[in-house]
1. Tally time: how many residues in segment A:39-77 are touching a residue at least 40 places away in the same chain (Cβ under 8 Å) and farther than 14 Å from residue A:130 by Cβ?
2. For segment B:18-37, does any single residue satisfy the condition of being at pLDDT 95 or above and touching a Pro at 6+ places or on another chain (Cβ under 7 Å)?
3. Could you tell me which numbered condition residue B:269 fails, if it satisfies all but one of (1) within 15 Å of the chain's Cα centre (by Cα); (2) among the aliphatic types (A, V, I, L, M); (3) within 13 Å of another protein chain (Cβ to nearest Cβ)?
4. Quickly run through segment B:133-160 and pick out the residues that are over 12 Å from the mean Cα position of the chain (by Cα) and charged (D, E, K, R).
5. Of the numbered conditions (1) polar (S, T, N, Q); (2) at the interface with chain A (Cβ under 7 Å from one of its Cβ atoms); (3) crowded, with 24+ Cβ neighbours inside 10 Å, residue B:228 satisfies every one except a single condition; which is it?
6. Would you confirm whether any residue within segment A:79-89 is within 14 Å of chain B (Cβ to nearest Cβ), within 30 Å of residue A:7 (Cβ to Cβ) and part of a loop (DSSP other than H, G, I, E, B)?
7. Being more than 14 Å from chain A (Cβ to nearest Cβ) and not in a helix (DSSP H, G or I) is the requirement here; does residue B:240 meet it?
8. Pick from segment B:65-78 the residues that are touching a Lys or Arg at 6+ places or on another chain (Cβ under 8 Å) and surrounded by 16 or more Cβ atoms within 10 Å (Cβ to Cβ): which of them is farthest from residue B:109 (Cα to Cα)?
2 protein chains.
Amino acid sequence: MPELRKDPVLGRWIIIAKERGKRPTDFIISEPASKGGFCPLCPGNEKTTPPEVLGYGGPGRLPNTPGWTLRVVPNKYPALVIEGDVNKEGEGLYDKMNGIGAHEVIIETPNHEEFFTQLPFARMQDVFLAFRDRLVDLSRDERFKYVMLFKNHGRAAGASLEHSHSQLVALPILPRMIVSELAGSLSYYKYKERCVYCDIIRQENKEQSRLVCENEHFIVITPWAPRSPFEMWLLPKQHASSYITQTHDQFQALTRIFGEAMSRLEACIPNVPYNFVLHGAPLRSDPLRHYHWHFEIMPKLTNIAGFEWGSGFYINPTPPEDAARYLREVSLT
Amino acid sequence: MPELRKDPVLGRWIIIAKERGKRPTDFIISEPASKGGFCPLCPGNEKTTPPEVLGYGGPGRLPNTPGWTLRVVPNKYPALVIEGDVNKEGEGLYDKMNGIGAHEVIIETPNHEEFFTQLPFARMQDVFLAFRDRLVDLSRDERFKYVMLFKNHGRAAGASLEHSHSQLVALPILPRMIVSELAGSLSYYKYKERCVYCDIIRQENKEQSRLVCENEHFIVITPWAPRSPFEMWLLPKQHASSYITQTHDQFQALTRIFGEAMSRLEACIPNVPYNFVLHGAPLRSDPLRHYHWHFEIMPKLTNIAGFEWGSGFYINPTPPEDAARYLREVSLT
């Protein structure tokens with residue numbers, strides 16, 4: 001079983017995926033995965049993945065058969081496992097817990113050659129709806145406190161399969177990222193009695209210099225203190241702490257603005273590898289006045305990100321005002 | 001002038017290196033720098049770097065001429081600049097300060113083809129002595145609160161020049177990494193009245209399972225909750241919060257153990273790209289009972305580190321006990 005371990009100084013939890021058991025030779029610096037060859041995410045290979053937990057497709061389609069447009073399956077090599085109770089334990093001064101959780105793959109398209117950003121509107125919207133469906137379903141499991149929802153695109157950004165997919169990890173603990181955001185935004189709220197993200201939206205709307213694009217429900221900005229060149233944050237204009245309470249209208253607007261932001265990024269930097277991560281309130285949380293759900297989109301520009309990863313200390317060679325201007329002014333074909 | 005900017009939610013400071021002004025086309029995914037061609041760090045090219053701030057070499061050598069074995073020069077494209085006073089300012093809800101600081105390059109060898117890990121003992125020791133010399137010198141400047149000392153080896157780890165070098169950045173603020181470590185270790189100290197790192201050393205010595213190597217003054221372990229496969233921490237056995245107070249004996253022992261740990265890592269994973277970072281108390285700090293200086297050595301295994309970088313959430317496929325066993329048992333030729 002995998003194990004969750006806590007750094008005794010920083011309180012940061014790490015998943016040790018023992019089952020993967022990588023040996024030194026597994027890390028010989030490798031070339032990008034070659035095109036062609038067997039793909040477990042392609043139609044016709046449904047039996048090679050664990051049984052699906054969600055599938056969108058034509059009426060009458062049977063689970064784990066072709067005909068789907070989107071499929072969610074447990075990861076065959078999960079970082080965490082679904083069966084068992086959460087047990088916390090010490091080991092001398094260290095803390096650990098058994099690696100209970102869920103690790104799922106959202107297969108965004110049946111077409112191996114189609115990237116997320118190339119999906120037609122309705123099918124990109126399906127991806128965002130699938131995120132909600134899985135969040136709602138997994139929040140029924142009282143063992144889980146948080147679901148990390150993310151996408152790695154491109155090998156430099158950690159994608160090990162070429163076929164377009166995103167992932168989720170349901171966790172029995174709150175990851176450090178969200179703990180820090182909840183604490184920081186609460187402390188701002190206590191002082192100002194306003195949501196810091198709502199204040200950010202107000203200021204960015206007024207200043208315009210870091211604005212990438214917007215529509216009736218969403219705004220995309222390059223953040224004031226970005227870790228990475230061309231980092232973007234996508235925020236709902238109306239205050240909400242959880243992704244799952246969005247209306248039909250909002251999902252449509254989300255799909256449009258996300259598609260536009262990514263098109264702008266790819267027009268600026270062709271073939272850019274990137275990660276995006278959904279930041280939202282913990283599962284089953286009451287609505288929070290101080291916290292505001294959002295996406296963070298991080299291009300992975302390989303010759304930049306080495307040292308920063310190890311130190312938490314970032315040097316960014318592209319001011320966000322410049323990045324936003326490039327993103328706004330690039331021509332979309 | 002560069003700018004330091006604070007994330008309004010997390011309190012994380014980022015350096016915006018405006019002068020570098022990277023445009024989208026600067027990020028077209030590039031091949032590793034080709035061998036050959038002009039190298040500004042090679043002997044004979046001393047005039048192409050800013051004037052040196054430290055040079056080791058034969059007696060009678062003039063600064064900025066050949067004959068050196070180690071040279072420290074300001075970075076020609078600094079992330080921070082040395083002239084000016086520190087001014088803090090708000091911009092709406094955001095905080096910034098002008099980018100006062102120092103950014104220096106430690107050229108570890110005159111030989112372009114010689115890697116850090118191939119340096120003979122006396123010259124590797126010179127690198128560690130140069131770290132101390134620069135820390136002592138920069139701590140006289142009251143504007144600086146911390147010096148980040150680090151090495152990027154290999155393009156995947158962020159090295160943009162092939163010629164072996166490390167870097168330092170002197171900062172007018174404490175980076176988040178050190179703020180978190182000081183807070184975490186202080187909270188442990190308040191509860192236990194012991195240094196958490198001293199307790200870690202005691203436990204690792206007793207358990208042996210995460211021990212990589214040790215000598216009379218130092219211990220190298222794979223940490224309990226490592227972010228990366230084959231991550232190593234190198235700690236002095238005797239409690240000390242600052243790197244600069246080491247004795248002659250300790251510098252010799254540091255050189256031996258650092259060389260051994262890196263040889264073990266490279267024997268396990270040939271051509272491994274890596275970063276190491278010195279973690280120590282803030283400049284001019286009184287000796288701290290709760291904090292313990294150390295090096296963190298992070299291999300950069302490219303297909304692992306994408307997503308984690310963006311989310312602060314780590315999945316590590318190699319248990320540190322396995323990594324330590326491989327590192328202990330590998331044959332050193």
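The values are calculated or read from the model by the stated rules, or taken from the named source; none is laboratory data. Bear in mind the structure is a predicted one, so any value in this text is a computation, not a measurement. Positions of Cβ are backbone-derived with ideal geometry, glycine not excepted, and every protein chain shown enters the neighbour counts.
1. We begin by selecting, within segment A:39-77, every residue touching a residue at least 40 places away in the same chain (Cβ under 8 Å); these are A:39-43, A:49, A:53-54, A:56, A:66, A:68-70, A:72, A:75, A:77.
In the following step, the residues that additionally are farther than 14 Å from residue A:130 by Cβ were identified as A:39-43, A:49, A:66, A:75, A:77.
Adding up the residues that qualify gives 9.
2. no
3. For residue B:269, the exception is condition (1).
4. Passing the criteria: B:133, B:134, B:137, B:140, B:141, B:142, B:143, B:145, B:155.
5. (2) is the only condition that residue B:228 fails.
6. Within segment A:79-89, one or more residues are within 14 Å of chain B (Cβ to nearest Cβ), within 30 Å of residue A:7 (Cβ to Cβ) and part of a loop (DSSP other than H, G, I, E, B).
7. Yes: the conditions hold for residue B:240.
8. Checked segment B:65-78; the qualifying residue farthest from residue B:109 (Cα to Cα) is B:72.
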